[in-house]
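This report concerns only the one structure given below.
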Amino acid sequence: MLYVAGVDVGSTQAKAVVLDEAANAVGQALLDVEMNMSTAAQDVFACAVADARLDESDIAYTVATGYGRYRVTFGDMQVTEISCHARGATFEFPNTRTVLDIGGQDTKAIRIGGSGEVVDFAMNDKCAAGTGRFLGAASFALETPLSELGPLALKATAPVKITTTCTVFAESEIIGHLAKGHRPEDVLAGMHHSIATRCASLVRRVGLAPEVTFTGGVSRNAAMVKLLQEVLDTPLNISARGHFMGAIGAALYALDRARSGERRVNREEVAR
Amino acid sequence: MASTASPAPTAARSLDARTAGQRLVNQWLANIHTARERGQPVAYIFVMGNAIEILRAFGFELVFPEINSLQTGVRKAAPDFLAKAEDFGFSPDVCSYVKADVGLMLSDLQHPSGTRMPKPDLAIASSMCNVYIKWAEIWERHFGTPAFVLDIPGKRFAAWQPIPGTPQYEADKRWVQGQLADLVARCEQITGTKFDPDRLAEVEASVNEMIRLWVEILQLNQRRPAPYNSMLDGLTYIGVLNAWRGTPEGVEYMRLLRDEVAGKVARGEGRVANERFRLIFSGTPCYVNLRRMVELFETYGGVFAASDYLTYAAGGLDSSGLFYDPSRPLESLAEVTTRASQLGLSNHFFSHHTLAQQVKDYAADGIVYHGIKSCRTVATSMADNREYVTKRYGLPTLYIESDLIDPRYWSDAQIKNRVDAFFEVLEQRRLVEGGA
Amino acid sequence: MTTQTQRLLIAGIDIGSTYTKTVLLDQTRTVRATAIRRSGYKPAVAAAAVFDDVLAAAGIGKDEVTYVATTGYGRYMVPFRHTQITELTCHAVATSYHFPSVRTILDIGGQDIKAIRIDERGRVRAFRLNDKCAAGTGAFLEKTSRYLGLTTADIGPYALRATQPVEISSVCAVFAESEVINHLAGGVTPENIMQGAIVALGGRAVQLMKRVGLEADCALAGGMTNNAAMVAALEGRLGAPLKLPPDGLGQLNGAFGAALLGLRRVERLLAEGRAIPAPSGEASATVRRWSSYIAPTATVAG
Amino acid sequence: MPIETETSLSDILARCHALTHTDQIPPDEAAAESAIGYFPVYFPEEIVHAAGLRPHALLGGGNRIEVRYADARIGSFVCSICRSTTELGLNGSLKGLGGFFAQPICDAAKHMAGIWGRNFPEQNPQLLALPQNVNSPAAARYVYDEYQRLRAVLAEKIGRNISDEAIRASVRVYNENRRLQRALYAIKRDDPARLSTVETYLLVRAGTRMRREQHNALLRDALRLLAERRVRPLDKPRVVFVGGFCEQPPLEMIETIEDVCFIVDDDLLIGQRWLTEDVPEEGDPVWALAESYVERSASSPVQYDARKPKEDVLLRMLSAARAEAAIIAAAKFCEPGLDDQLALSHHLDAEKVPYLVLEFEEKMTSFEQMAMQVETFAESLLFD
Ligand SMILES: Nc1ncnc2c1ncn2[C@@H]1O[C@H](COP(=O)(O)OP(=O)(O)O)[C@@H](O)[C@H]1O
Ligand SMILES: Nc1ncnc2c1ncn2[C@@H]1O[C@H](COP(=O)(O)OP(=O)(O)O)[C@@H](O)[C@H]1O
Ligand code: SF4
Ligand code: SF4
Ligand code: SF4
């Protein structure tokens, strides 16, 4: 049996997926990127392999992607997140024409052609406004785990207008609004809205075409999904594995290579 | 996949014309350096808008502030100059060419090229970029040299056809000619010499020849593989073309260059060893990271076959087959200047067509847009232009943003990421089209 | 009825974005007591709290305080204030009180940097604030230190141990974080990273000072005065020594200035034989705000 | 009686506010078709007015609209008025505009015409190429030719030509309008407590959303009521405000300044009173307009004029308004504004005139920091 792996070393979280010959996910793992990207990559890869009850030497080919892709010492090939998210999204939702990936530090809008090829893409520039970090700040300020931000925001009745775009200052603006007596859910809804609009304009930059698939860690955030659907005024495909989409795409590229006979170059080195 | 494409050697091949060009540039700088002591009048002038011919006719030494500024970038001295200007109070959002030039003024005009830039006796700002005018106002304040604003109206709307003879064309021509007359008067007063039409005619004849050769050189890059990279070699060529525009030396250089490029074409020599993708570059390059930028593309076998920048830098003459009629020097200068603006430089209504046309002419695979943060002339509607080009013509395009000379705006990781992805796009497209 | 001989106690309260600070001053311009707290969720509460702190420290009651002047971004949030003054004016007055020769003041706060140019009489002549971007504020350092597991107070001493500081190139405070991670991964010592951040911030600050037309002497005010490494970095950049408010008044500089101005006001009132007004806290202008007027027929697009 | 005065005044102002704070082309203007949109600064409205069409000054989206589409079309370092105007186009607010004109005031504005050309060709977007060189003897003739071009374009639109007499009539209407605006500014200057700058601004801006005849009537009413208005004097420093020539500062910003200062003169909507004297009402009216543009016009950072160094203009403004200080504002990313801001502040340094430098964006919504700066400024002027 042939196994391949995709490793997505993001700015905040590292994701890995192991696929079998038939492209079924047999193992996956998610770790926070702490200090060292290379080790994070190693660890998440190991966990995914373990999750698949395999040995690292069983992995025929590994493709690395994400912000830290060049740090994946054991990878056989690097592919950008853009291609990987596109690949993953079209694999899960074949009619995908637009992909929005909101990650921890960058946001990408990808336009996809008739045969699943990337035709255009846009990313946020050198400012972390409107990325997952914005929510990270909220989660810190409100002492609420990331996973509960969305559900809480959905309870909003009178969303607050967030004026700062700066991710760092977002924290204190939230505090300010709370001090003024606004309810946390309303403030959160405001945060989500400001991210949603920023990301929407990124999507429009590549031209919105249905179907739209929303990937990346923030796709796990229900409120963001709802808001984006409103702002873009189109339904979004959401996968339970949305956070892993980059890794899945990478694994699929790995599968291509493996099928075409390529084998990982430095197996024993990694086995060590 | 792109990432496995065997990288092509990126070392720039040296042309013999390069040595010639280098010599000319040095000589030009030397002339500028000594202009004052030789008592030669000095004019500051911008590359867009064609008053150069008159200045040549009056024997001015020409200083191109834009070239000075980009050279601070090329010579990695920009940060100091920019800092000087910002300490002086200029907002970081102001055109970085202006800031670099202000930095130069505040450095006693000591240019990193070793040249001591002379003060201007005359400063001409065409309206091709409105910042030129604000820039000239800065000189006015600093040097006390009154600005001469040359207002060159351009295309008024998409369908506008200002055919010679129509009232509208005549109005614009009359306007430009009137201002050129003012300029001639101003020059006579500054130099104390009478205007000599025959001299202008000579200059125009040389310009005609240079442009004819330049257009040939541009067209030679339509061949596959492209003999040179417009965003590297092309920039050197254009520098010489401007510095020596309207001179026998300039004509000589262009001829040498044309022959060399033609030779490469004949021998099938390409700029990159295995040319895999031909690209059109839109916008101004980032001079601080010029080689790096070109290298990012050439490692994937991508070469810039053409660029609209070369049109701006040639004063728009190449774009429209415009030539002077030396038998009516001043009038035809007015005509050509007006036409160059209408058909080449003030391209707000047709820049997208021009690019699409270049893609056809140069059999290009896509367009790379380089938005210049602090240059509204280049960057304001580039994204809209790109949107149109991608939608209407279905061309693959890449949009990257940095600055002309301000390294703070160059984020290598981000740009590499985009370039990597862009070539993945081009590769995928090939696969889909079953090509290559 | 108040008389010249009456003992005066003036409180200056600086409600900053990060810390709330207060100084209690008497008519001899002697500092009686000071207090600092984090501003936290509710600035108004923090203000009341530091006020109590300072009263307790001075061992006096509320009613013994003659006059309360507030400053800082929360200056309007204090109901028991007599007047409010901006922190720029306060820093100017306080600094020129300590050092009449100072012409340029730098205040690095939690969320903004302010460069102030003043004249010989301590009046603000020009000033510049950094844009709404955390890159180049105290927050930038706090994030970095948080990442290195340091407390704010550690920053200075820690960074002073740096041997070869790294360059932090990111424009964005958030991206700077991943840069920090990479450096750590690359085996760079935290000292060197911290110092790198400080140098980066220092550079931005000096740039701002130059933009108000830097004139000697220069002074540093605000919480950053507690950060020896930053002081050193700034002096290095400026190539000149920085004057720091004496007696640990650095972070209290704004509050001290507010108190000074409050005292001046009281002295004038007394000189003119006028009574000291009641706290004006709630009073606010009643001009019509067309900006908040909702036109019945207005249709908002978007 | 004064109470009634107040109420009727604020009725007028409320009407102005309603007209100017909607982004849709006023619905009552049944035929949007008749609205000829133009981008700042100045536009020869008389010619449009004479054609029976309505000049519609495009002044951006303020801080009310949410930019959804435009960010994807406009460079990241471009001013907000270009962004929001493009947004209003893309989000349909300007649908059916009968024409779109931009002028070469700056590089961003020139591109607006191109953006419109690509996206809304049906609005026949054009550049009205007003000259950057008004010092050439040939200038007036060129402006005249360009105005005649405009006249022809509009004539073609309405299917009949526009008579000299019609234009002369419009010139008369606009001359009165300019006189009335000057009267408003006189009150602001001589008795600032009587008329605030926000009020002046609303009154003037309303003129961009109605026929000039109506606006003249409105201004006459306002002036009458203002004369009766009861005012209590306030002690605030007198300042002039410059930097509002193109992108419009939010009302909140003006209010924030007026909380602590009297703005006794400004360049807000300067295009509305660009011609500083009456336009001759005899002879060729188009020539009269062209010649006035060259010979008797105001000043702004986007018009080079060797006869009017920006520094002198500001100093004259200060002394004419008996102001003790200046607020020199500039819109973020506005190259012309930012360049002049620096030149002016350096000059005022030399002249020892106190000034405050402010950078604004029409879309800004939080004013705490600005309030702090303005208060500090006022404090530095007031206390001794
Ligand atoms: N359980 C969760 N619920 C909602 N959002 C989450 C959750 N986990 C992570 N996120 C969001 O996803 C972001 C990280 O997404 P990711 O795609 O991994 O970014 P990157 O690839 O840049 O590390 C975090 O910043 C956070 O905002
Ligand atoms: N003990 C300390 N050591 C080093 N830095 C400090 C210390 N205390 C405060 N700071 C710095 O000063 C900043 C806050 O200073 P402060 O002037 O009180 O800010 P603000 O007035 O905006 O609340 C913090 O961001 C921190 O970086
Ligand atoms: S504004 Fe905030 S998020 Fe944006 S670059 Fe500055 S620090 Fe980073
Ligand atoms: S704005 Fe652009 S075109 Fe104009 S001077 Fe600056 S760099 Fe050149
Ligand atoms: S605000 Fe400035 S940059 Fe923007 S359009 Fe107006 S003049 Fe041009």
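A few comments on the model shown:
Here's the yes/no breakdown for (1) within 14 Å of ligand 1 (Cβ to nearest atom); (2) in contact (Cβ under 8 Å) with a residue 12 or more places away in the chain; (3) within 30 Å of B:LYS391 (Cβ to Cβ):
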residue	(1), (2), (3)
A:THR107	yes, yes, yes
A:PHE134	yes, yes, no
A:SER147	yes, yes, no
A:ALA153	yes, yes, no
A:ALA156	no, yes, no
A:LYS161	no, yes, no
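- Matching option when the condition is out of contact with any helix residue (DSSP H, G or I) (no Cβ under 6 Å at 6 or more places or on another chain), more than 16 Å from ligand 5 (Cβ to nearest atom) and more than 9 Å from chain C (Cβ to nearest Cβ), among D:LEU348, D:LEU358, D:LEU338, D:LEU342: D:LEU348
- Residue selected from segment C:126-184 under the condition within 18 Å of C:TYR19 (Cβ to Cβ) and more than 17 Å from the chain's Cα centre (by Cα), by the criterion nearest to the other protein chains (Cβ to nearest Cβ): C:LYS143
- Top-ranked residue of segment B:69-110 - restricted to ones that are outside any helix (DSSP H, G or I) and of a type in the set (Asp, Glu), ranked as nearest to the other protein chains (Cβ to nearest Cβ): B:ASP93
- Candidate set from segment C:87-103 (those that are surrounded by fewer than 24 Cβ atoms within 10 Å (Cβ to Cβ) and polar (S, T, N, Q)); member that is farthest from the other protein chains (Cβ to nearest Cβ): C:SER101
- Scanning segment B:395-428 for residues that are at the interface with chain A (Cβ under 8 Å from one of its Cβ atoms) and not in a helix (DSSP H, G or I) yields B:PRO396, B:THR397, B:TYR399, B:GLU401, B:SER411.
- Selection count where residues are at the interface with another protein chain (Cβ under 10 Å from one of its Cβ atoms), in contact with a Lys or Arg (Cβ under 8 Å, 6 or more places away or on another chain) and farther than 20 Å from A:GLN105 by Cα, scope segment A:166-203: 1
- Any chance C:ALA176 is at pLDDT below 85, within 16 Å of ligand 1 (Cβ to nearest atom), out of contact with any helix residue (DSSP H, G or I) (no Cβ under 6 Å at 6 or more places or on another chain) and not β-branched (Val, Ile, Thr): yes
- Only residues that are within 14 Å of chain D (Cβ to nearest Cβ), within 20 Å of B:LEU70 (Cα to Cα), over 22 Å from the mean Cα position of the chain (by Cα) and part of a loop (DSSP other than H, G, I, E, B) were counted in segment B:111-155, giving 0.
- The set of residues in segment D:279-320 being farther than 30 Å from D:ALA350 by Cα, crowded, with 19+ Cβ neighbours inside 10 Å and not small (Gly, Ala, Ser) consists of D:VAL279, D:PRO285, D:VAL286, D:LEU289, D:GLU291, D:TYR293, D:VAL294.
- Test: residue in segment D:146-155 that is within 16 Å of ligand 5 (Cβ to nearest atom) and basic (Lys, Arg): no
- Odd one out for B:ARG18, checked against (1) modelled with pLDDT of 95 or more; (2) of a type outside the set (A, V, I, L, M); (3) assigned to a helix (DSSP H, G or I): (1)
- For beta carbons closer than 6 Å, sequence separation of 6+ or different chains, a first residue in segment B:328-342 that is in contact (Cβ under 8 Å) with a residue 40 or more places away in the chain and a second that is outside any helix (DSSP H, G or I) and acidic (Asp, Glu), the qualifying pairs are B:SER332/B:ASP325.
- Number of positions in segment A:10-39 that are within 15 Å of ligand 1 (Cβ to nearest atom) and among the charged types (D, E, K, R): 3
- The helices (runs of 4 or more DSSP H) falling completely within segment B:279-362 that include 2 or more residues that are closer than 21 Å to B:TYR97 by Cβ map to B:290-298, B:308-313.
- Matching option when the condition is touching a Leu at 6+ places or on another chain (Cβ under 9 Å) and either modelled with pLDDT of 95 or more or not basic (Lys, Arg) (or both), among B:ALA226, B:ALA185, B:ALA201, B:ALA205: B:ALA226
- Test: D:VAL198 is more than 10 Å from chain B (Cβ to nearest Cβ), under 16 Å from the mean Cα position of the chain (by Cα) and on the phi < 0 side of the Ramachandran plot: yes
- Single residue of C:ILE116, C:ILE155 found to be among the β-branched types (Val, Ile, Thr), in a strand (DSSP E or B) and away from ligand 3 (no atom under 16 Å from the Cβ): C:ILE116
- Qualifying residue in segment A:126-133 (condition: farther than 22 Å from A:HIS85 by Cα, of a type in the set (Ser, Thr, Tyr), within 11 Å of chain C (Cβ to nearest Cβ) and crowded, with 19+ Cβ neighbours inside 10 Å): no
- Any chance C:ALA153 is farther than 25 Å from A:THR164 by Cβ and within 16 Å of ligand 1 (Cβ to nearest atom): no
- Verdict on B:THR311 being more than 16 Å from ligand 5 (Cβ to nearest atom) and modelled with pLDDT under 90: yes
- Condition check for D:GLY89: farther than 23 Å from D:LEU128 by Cβ and away from ligand 4 (no atom under 16 Å from the Cβ): no
- D:VAL374 meets the stated requirement of being closer than 19 Å to C:LYS114 by Cβ and more than 16 Å from ligand 1 (Cβ to nearest atom).
- Members of segment D:142-171 that are charged (D, E, K, R) and in a helix (DSSP H, G or I): D:ASP145, D:GLU146, D:ARG149, D:ARG151, D:GLU156, D:LYS157, D:ASP164, D:GLU165, D:ARG168
- Scanning segment D:319-343 for residues that are under 23 Å from D:ALA109 (Cα atoms) and of a type in the set (A, V, I, L, M, F, W, C) gives D:ILE328, D:ALA329, D:ALA330, D:ALA331, D:PHE333, D:CYS334, D:LEU338, D:LEU342, D:ALA343.
- Single condition B:PRO167 does not satisfy, out of (1) more than 21 Å from B:LEU55 (Cβ to Cβ); (2) more than 8 Å from every other protein chain (Cβ to nearest Cβ); (3) in contact with a Lys or Arg (Cβ under 9 Å, 6 or more places away or on another chain): (2)
- Taken as a whole, segment D:311-328 holds no residue that is polar (S, T, N, Q), within 26 Å of D:THR200 (Cβ to Cβ), away from ligand 1 (no atom under 16 Å from the Cβ) and touching an Asp or Glu at 6+ places or on another chain (Cβ under 8 Å).
- Residue under evaluation C:ALA197, criteria (1) at pLDDT 80 or above; (2) outside any helix (DSSP H, G or I); (3) touching a Phe, Trp or Tyr at 6+ places or on another chain (Cβ under 9 Å), criterion not met: (2)
- Those helices (runs of 4 or more DSSP H) lying entirely in segment D:34-141 with at least 3 residues within 14 Å of chain B (Cβ to nearest Cβ): D:80-90, D:107-119
The values are calculated or read from the model by the stated rules, or taken from the named source; none is laboratory data. Bear in mind the structure is a predicted one, so any value in this text is a computation, not a measurement. All Cβ positions, glycine included, derive from the backbone under ideal geometry; neighbour counts span all protein chains shown.
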